[in-house]
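A.B. asks: Here it is, the structure, as structure tokens.
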Amino acid sequence: MRFDVITLFPNMFENVLNLSILKRAKEKGVVEYHLHNLRDWANDKYGSVDDHPYGGGVGMVLRVDIVAPAIEAVKNKNSGAPVILMTPQGEVYKQKKAQELARLPGIILVAGHYEGYDERIREYVDQEISIGDFVLTGGELPAMSVIDSVTRLLPGVLGDDKSSQVESFVNNLLEYPQYTRPLEYRGKKVPEIILSGNHKEIDKWRKDQAKERTRLRRPDLLPNL
């Protein structure tokens, strides 16, 4: 899968994409990461990409005559990939969307910065995604979140592909409790059922625990079951 990111701060991605699972995915050839500095499309010697908003107001707005050519150029390199604008006004990102994106051969992420986008930029994108109802300084961290969540779903990335099928939000449930050594710590013991070796009963316990944990912590998910 090919990820292209259009950003003012490509250096922010370097460490994230070269550590842990994301690095291993790249080394295995499962993914490609391509970072594009938006300033490469600036048309003045200062590398300007934004300007004051018409009508007045605070902050600076990214210019359509800079962002649109950048998107068009990157689309030529990742043909057929949807262009996704990272914005707090977009669709709230959930696991279902990550699963949907993981079935694609590639995606293009536009990570804005400053006050916002010239509205005409939206004519050049296919989707808009938000990672939650809060505002960040820019779209770089949301773009990293999308890359991470999608990459780990790709076949061959995790040590066991089943791992991604038992995590929180799969089937609208939070993940069941997990335990490892020691068997007892400060009076708290590992539940006997998961030490029993009876896999049928263990599976039932885990499903029951997942439902109960969801009921207590995220009851908003249950109507979707």
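The values are calculated or read from the model by the stated rules, or taken from the named source; none is laboratory data. Model, not experiment: these values are computed from the prediction. Cβ atoms come from the backbone with ideal geometry, glycine included; neighbour counts cover every protein chain shown. Ligands, DNA and RNA are stripped out before the accessible areas are found, and what is left, the full protein with its side chains, is counted by its heavy atoms. Shrake-Rupley method; radii C 1.70, N 1.55, O 1.52, S 1.80 Å.
A.B. asks: Per-residue accessible area for Met144 at 1.4 Å probe radius, Å² rounded to 10?
C.D. replies: Its heavy atoms expose roughly 20 Å² to the probe.
A.B. asks: Using only the heavy atoms of the protein chains and a 1.4 Å probe, how would Ile6, Ile21 rank by accessible area, largest first?
C.D. replies: Ile21, Ile6
A.B. asks: Measure off, as a whole percent, the carbon and sulfur share of the 1.4 Å-probe accessible area of the chain, all protein chains present.
C.D. replies: Taking all protein chains in place, the chain shows 49 percent carbon and sulfur surface.
A.B. asks: If you average 1/r across every pair of different Cα atoms in the chain and take the reciprocal, what Kirkwood value do you get, in Å?
C.D. replies: Hydrodynamic radius (Kirkwood, Cα only) of the chain equals 20.0 Å.
A.B. asks: Within the set Lys96/Lys211; Lys28/Lys204; Lys97/Lys189; Lys26/Lys77; Lys23/Lys96, which residue pairs have Cα atoms separated by over 28 Å?
C.D. replies: Lys28/Lys204; Lys97/Lys189
A.B. asks: Tell me, which longest segment in the chain has none of the chymotrypsin sites (Phe, Trp or Tyr not before Pro) that fall in DSSP loops with at most 15 further Cβ atoms within 10 Å?
C.D. replies: With a cap of 15 other Cβ atoms within 10 Å, the longest stretch comes to 55-113.
A.B. asks: Hey, another quick one. Roughly how many debye, to the nearest 20, is the charge dipole of the range 35-175 about its Cα centre, given +1 on each Lys and Arg Cβ, -1 on each Asp and Glu Cβ, and no other charges?
C.D. replies: I would put it at about 320 debye.
A.B. asks: Right, another one. Report the convex hull volume per residue for the range 91-225, counting only C-alpha atoms, in Å³.
C.D. replies: 170
A.B. asks: Follow-up question, since we're still on this one. Return the single residue from Lys96, Lys75, Lys28 with maximal mean-square fluctuation; model: Gaussian network over the chain, springs between Cα atoms under 10 Å.
C.D. replies: Result: Lys28 has the largest fluctuation of those listed.
A.B. asks: Then there is this: Keeping all protein chains in the complex and leaving out DNA, RNA and ligands, what accessible area do you get for Glu119 with a 1.4 Å probe, in Å² to the nearest 10?
C.D. replies: Using a 1.4 Å probe on the heavy atoms, I get roughly 120 Å².
A.B. asks: Would you tell me the accessible area of His34, worked out with a 1.4 angstrom probe on the heavy atoms of the protein chains, in Å² to the nearest 10?
C.D. replies: 60
A.B. asks: Then there is this: Report, largest value first, the span of the C-alpha coordinates of the range 44-169 along each principal axis, in whole Å.
C.D. replies: On the principal axes, the range 44-169 reaches 52, 33, 24 Å in Cα extent.
A.B. asks: Just to check, using Stokes-Einstein with a Kirkwood Rh over alpha carbon pairs, what's the diffusion coefficient of the range 70-129 at 25 °C and 0.890 mPa s in µm²/s?
C.D. replies: This corresponds to a translational diffusion coefficient of 200 µm²/s.
A.B. asks: Please quote Rg/Rh for the range 1-72 to two decimal places, taking the Kirkwood radius as Rh and restricting both calculations to Cα atoms.
C.D. replies: Checking Rg against Rh, the ratio lands at 1.11.
A.B. asks: On to the next question. Of Ser196, Ser20, Ser48, which is the most mobile in a GNM of the chain whose springs link Cα atoms less than 10 angstrom apart?
C.D. replies: Ser196
A.B. asks: If you count only protein heavy atoms with a 1.4 Å probe, what accessible area per residue comes out for the range 1-129, rounded to a whole Å²?
C.D. replies: Per residue, the range 1-129 has an accessible area of 54 Å².
A.B. asks: Here's something else I'd like to know. Can you work out the Karplus-derived ³J(HN,Hα) for every residue in the range 180-195? Use 6.51 cos²θ - 1.76 cosθ + 1.60 with θ = phi - 60°, whole Hz, and x for glycine or proline.
C.D. replies: Calculated HN-Hα couplings, in order: 8, 4, x, 5, 9, 9, 6, x, 9, 9, 5, x, 4, 4, 7, 9 Hz.
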